[in-house]
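Below: one structure, written as structure tokens.
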Amino acid sequence: MTKNKSTAGYNRTSGVSNVKIYLDMLFLCNTIMTMLSLSLLSRLTHRRFSLRRYVTASCLGGMGSLIVLLKPSGYITSLLIALLKAIMLVLVVITAGVRNRKAVFRDSIIYLVINLIIGGLCFLLCDSFGGNIIIIRNCTVYFNIPLLLLIICTIVTYLIISIYDSLLRFHPVRLMELKAVFTKGNISVTMPALEDTGALITDCFSGEPVVIFKSRRLFEYFELGNEIRLIQQGFHFVPYKTISGTSLMPVTLNARVSVIFSDGESKELRCAAGILDNDGRDRAILDPKIIC
């Protein structure tokens, strides 16, 4: 521990007392928990965050935990600190890569709910296994919880979100006019996107849903008819069903796929991209549930 600070706060077992907070551990633990929360947010919204933005937003979330050290001296300062905490939460979402105002509001609410679930599980684990809540102040909780229990809390939270994500697949979705953008290396192609509820193909290597791009231009650009060139450029085969049976589709995880809605909002998807040859007009096919 490189640095620590004593401060007053509420202790679950002994009321108000002076406690010692290790700033490096406070920052590190909250950075890791922010990473978890953003990963769950990405899974729920099917939004892909770049590694740079993901790490930057996680570090910002870790810095936000330092708000626990501020000492409110009255109602106004307490209100300002709570507002600062809310601003930090929204900034984490924006820094991760969410730009549209409607999406920022929605994703901030989802991110808040994820944090509440994780916090509730930590409280439950503390009460069940004898951990201590060292301090609660400024909308921030500083736990003294064994690492193993924290790992269990993380796994349980991920399972809850995964189950919820799976249940969403059974709900009807509203179809809308879309355009899909495929970007890999020096090429970027935009084409109309068709939503098809029967087009849910999963990449067997990553478990990610596959957005299908039917484009002769892309097929010829990456030389996907040549199996050696296909592999060299980061593609692999994924089986899929056709009317005549089963075939293989070249799929890559190294492309960026985004959709543009009719109102101009764009969203980068957390998915793989498959390319098929097409002798007609270029178009993309995707399951509408991955853009919910």
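Using R₀ = 45 Å, calculate the FRET efficiency as 1/(1 + (r/R₀)^6) where r is the Cβ-Cβ separation of Phe237 and Asp263; round to 0.05. Efficiency for this residue pair is about 0.75. Ranked by how many other Cβ atoms sit within 10 Å of their own Cβ, fewest first, the residues Thr252, Thr190 fall in the order Thr190, Thr252.
Once the C-beta distance of Leu69 and Arg106 is scaled by a Förster radius of 41 Å, the resulting FRET efficiency is 0.85 to the nearest 0.05.
Fully extending the segment from Leu51 to Leu28, taken as 0.36 nm per residue of separation minus the present Cα-Cα distance, adds 6.5 nm. Placing unit charges on each Cβ (+1 for Lys and Arg, -1 for Asp and Glu) gives segment 27-112 a dipole about its Cα centre, and among Thr95, Ile67, Met35 the Cα reaching farthest toward its positive end belongs to Thr95.
Pop the C-beta distance of Arg256 and Ile87 into the FRET formula with R0 = 35 Å and round what comes out to the nearest 0.05. Each step should come with its number before you reach the end.
Values: r = 29 Å, r/R0 = 0.83.
Working from the Cβ atoms, E equals 0.75.
With both labels modelled 7 Å from their Cα along Cα-to-Cβ, the Asp196 to Arg270 distance reads 2.5 nm.
Laboratory data are not the source of any read-out in this text; all were calculated from the coordinates shown. Since we're looking at a predicted model, the values are computed, not measured. Methodologically, a virtual Cβ is constructed for each residue, glycine included, from the backbone with ideal geometry; neighbour enumeration extends over all protein chains shown.
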